[in-house]
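One structure is given below, encoded as structure tokens.
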Amino acid sequence: MFLSVFEMFKVGIGPSSSHTMGPMVAAARFLDRIRKAPFHPKGLRASLHGSLAFTGVGHATDRATILGLAGFLPDSYDHEKAEATLAQIRETKSIMAPGLEPMGFDPDTDLIFDYGPALPGHANGMILMATDAQGDVIMQETYYSIGGGFVMTADELAAGKATDEGAPIPYPFKTAAEMLEMAAKSGLTIAQMKRANEVSRNGAKGLEEGIGRIWQVMNDCIDRGLNTDGILPGGLKVRRRAKGIHEALLAERGLNLVAPHTINDWMSAYAMAVNEENAAGGQVVTAPTNGAAGVMPAVVRYWLDHVPGASASKVPDFLLTAAAIGGLVKFNASISGAEAGCQAEVGSASAMAAAGLAAVMGGTPEQIENAAEIALEHHLGMTCDPVRGLVQVPCIERNGLGAIKAVSAASLALRGDGQHLVSLDVCIETMRQTGHDMSEKYKETSLGGLAVNVPNC
């Protein structure tokens with residue numbers, strides 16, 4: 001099993017990797033199908049199902065789908081160009097995608113929110129259609145946005161299509177037990193094994209440049225969030241808080257009255273800065289999702305800015321180790337809030353961050369696996385119940401607490417020798433079972449929990 005670091009960490013846009021980035025990617029794939037067809041459609045339609053319908057407006061799924069059909073992609077998204085394109089589509093009732101003739105599309109009638117039962121493959125389903133001059137469907141594809149910006153067609157999902165289709169890698173592992181066994185036999189760290197796998201596919205230069213960009217986008221996102229205030233869009237009138245918290249922390253520096261636990265406020269400020277940017281539709285990195293995008297950058301920044309001996313040269317080891325853990329969670333369970341609740345998003349992110357921090361703090365592979373397990377275990381059962389379908393409440397603060405748990409988990413693991421009762425594999429399987437049993441009300445539908453008990457205005 002090989003899931004690249006560049007699949008776990010994707011540069012994209014907020015507010016959601018599954019509800020914004022995924023639909024945009026699906027629409028781009030549908031355009032590719034049209035380009036290969038022997039005929040040219042005269043119109044386009046789209047229907048959103050399950051969680052994509054219930055929380056689609058709050059997650060900007062409608063905008064993302066339309067922009068995807070117009071040729072936009074998450075990693076090259078241009079906000080001003082997108083706004084101009086949306087205005088043109090509304091005015092002309094047509095879409096002009098690159099390399100294709102204009103196709104009719106009325107956002108008011110050709111984009112449907114279907115609030116009936118979810119499609120059978122996944123909670124995040126969508127159907128894209130191309131029509132002829134009479135309005136009859138001549139091409140159709142069902143896509144599932146399965147979390148973290150990953151997209152599969154219905155046929156791919158039914159066939160159990162593997163993520164990995166490339167050449168063999170030197171250190172393949174599908175479970176944490178296999179990972180630890182391989183590390184013991186090779187004498188390599190988790191990061192070294194992951195690096196060797198990545199180099200075998202992407203080359204050393206591609207890996208170095210790609211990881212450099214990932215951290216740069218993460219760090220820039222923190223800085224933007226720490227320097228921006230105001231009210232977040234969506235109607236809840238949620239105030240940005242990261243800037244104010246950060247300014248207060250800077251003012252307190254050097255004062256003897258500052259309590260030791262104030263370090264938690266630094267971590268929360270870093271994480272909230274990212275998720276406030278995400279809620280505003282800014283550029284973020286899935287880590288492993290947008291809803292959990294603040295945990296990883298916050299822990300890396302905490303380590304760099306507050307831990308003696310930290311070095312930016314070790315950030316790649318941090319990210320590679322985290323990606324290895326994230327790949328195990330995705331392969332054996334889920335990183336999708338719509339599939340398994342927030343335990344699959346912030347829980348997975350916290351486990352990844354804990355593992356990365358333990359790695360750069362000198363932990364053994366066993367201690368790193370223990371750190372990931374502790375962080376994930378103490379997110380088990382966490383629901384996804386966003387108020388008004390927005391990635392704001394409780395999501396923004398939850399990333400701060402996920403970062404704090406990650407640091408605590410890594411610290412606890414480093415105090416031990418790596419031996420522990422509950423393995424990471426058992427914890428991941430427990431998370432999968434818990435997600436399977438969890439009521440749909442608590443899996444990113446906004447039909448239960450805080451979403452129905454907090455006023456939506």
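Name every residue in the stretch 263-311 that is among the hydrophobic types (A, V, I, L, M, F, W, C) and free of Cβ contacts under 8 Å to residues at least 60 places away in the same chain, in order of residue number.
Once the filter is applied, which keeps residues that are among the hydrophobic types (A, V, I, L, M, F, W, C) and free of Cβ contacts under 8 Å to residues at least 60 places away in the same chain, the stretch 263-311 yields ILE263, TRP266, ALA273, TRP303, LEU304, VAL307, ALA310.
Please find, among ALA375, ALA353, ALA349, ALA324, the residue that is outside any loop (DSSP other than H, G, I, E, B), farther than 18 Å from TYR270 by Cβ and of a type in the set (Gly, Ala, Ser).
ALA324
Answer yes if at least one residue in the stretch 11-30 is basic (Lys, Arg) and in a loop (DSSP other than H, G, I, E, B), and no otherwise.
Looking for residues that are basic (Lys, Arg) and in a loop (DSSP other than H, G, I, E, B), one finds none in the stretch 11-30, hence no.
Of the residues that make up the stretch 75-96, is at least one in contact (Cβ under 8 Å) with a residue 60 or more places away in the chain, surrounded by 21 or more Cβ atoms within 10 Å (Cβ to Cβ) and either under 27 Å from ASP132 (Cβ atoms) or outside the structural domain of GLN192 (by TED's automatic domain parsing) (or both)?
Within the stretch 75-96, not a single residue is in contact (Cβ under 8 Å) with a residue 60 or more places away in the chain, surrounded by 21 or more Cβ atoms within 10 Å (Cβ to Cβ) and either under 27 Å from ASP132 (Cβ atoms) or outside the structural domain of GLN192 (by TED's automatic domain parsing) (or both).
Taking into account only those residues within the stretch 31-41 that are in contact (Cβ under 8 Å) with a residue 12 or more places away in the chain and part of a helix (DSSP H, G or I), which is surrounded by the fewest Cβ atoms within 10 Å (Cβ to Cβ)?
It comes out as ARG35.
List the residue pairs whose Cβ atoms are under 7 Å apart, where the first residue sits in the stretch 42-70 and is in a loop (DSSP other than H, G, I, E, B), the second is of a type in the set (Val, Ile, Thr), and the two are 6 or more positions apart or on different chains.
Final answer for the pair search is LYS42/THR131; THR55/THR445; HIS59/THR20; HIS59/VAL391; ALA60/THR20; ALA70/THR85; ALA70/ILE89; ALA70/ILE95.
Looking for something within 27 Å of the chain's Cα centre (by Cα) and part of a helix (DSSP H, G or I) - is there at least one such residue anywhere in the stretch 86-108?
Yes - at least one qualifying residue is present in the stretch 86-108.
Looking at the stretch 349-393, which of the residues that are among the charged types (D, E, K, R) and in contact with a Ser or Thr (Cβ under 9 Å, 6 or more places away or on another chain) is surrounded by the most Cβ atoms within 10 Å (Cβ to Cβ)?
Here the residue is GLU369.
In the stretch 259-280, what residues are surrounded by fewer than 19 Cβ atoms within 10 Å (Cβ to Cβ) and either in contact with a strand residue (DSSP E or B) (Cβ under 9 Å, 6 or more places away or on another chain) or not in a helix (DSSP H, G or I) (or both)?
ALA259
Filter the stretch 394-433 down to residues that are in a loop (DSSP other than H, G, I, E, B) and free of Cβ contacts under 8 Å to residues at least 60 places away in the same chain and give me whichever is surrounded by the most Cβ atoms within 10 Å (Cβ to Cβ).
PRO394
Can you tell me which residues in the stretch 237-258 are charged (D, E, K, R), outside any loop (DSSP other than H, G, I, E, B) and closer than 30 Å to VAL387 by Cβ?
ARG239, LYS243, GLU247
Being farther than 14 Å from LEU236 by Cβ, under 20 Å from the mean Cα position of the chain (by Cα) and outside any helix (DSSP H, G or I) is the filter here; which residues of the stretch 437-453 pass it?
LYS443, GLU444, THR445
The values are calculated or read from the model by the stated rules, or taken from the named source; none is laboratory data. Bear in mind the structure is a predicted one, so any value in this text is a computation, not a measurement. Methodologically, a virtual Cβ is constructed for each residue, glycine included, from the backbone with ideal geometry; neighbour enumeration extends over all protein chains shown.
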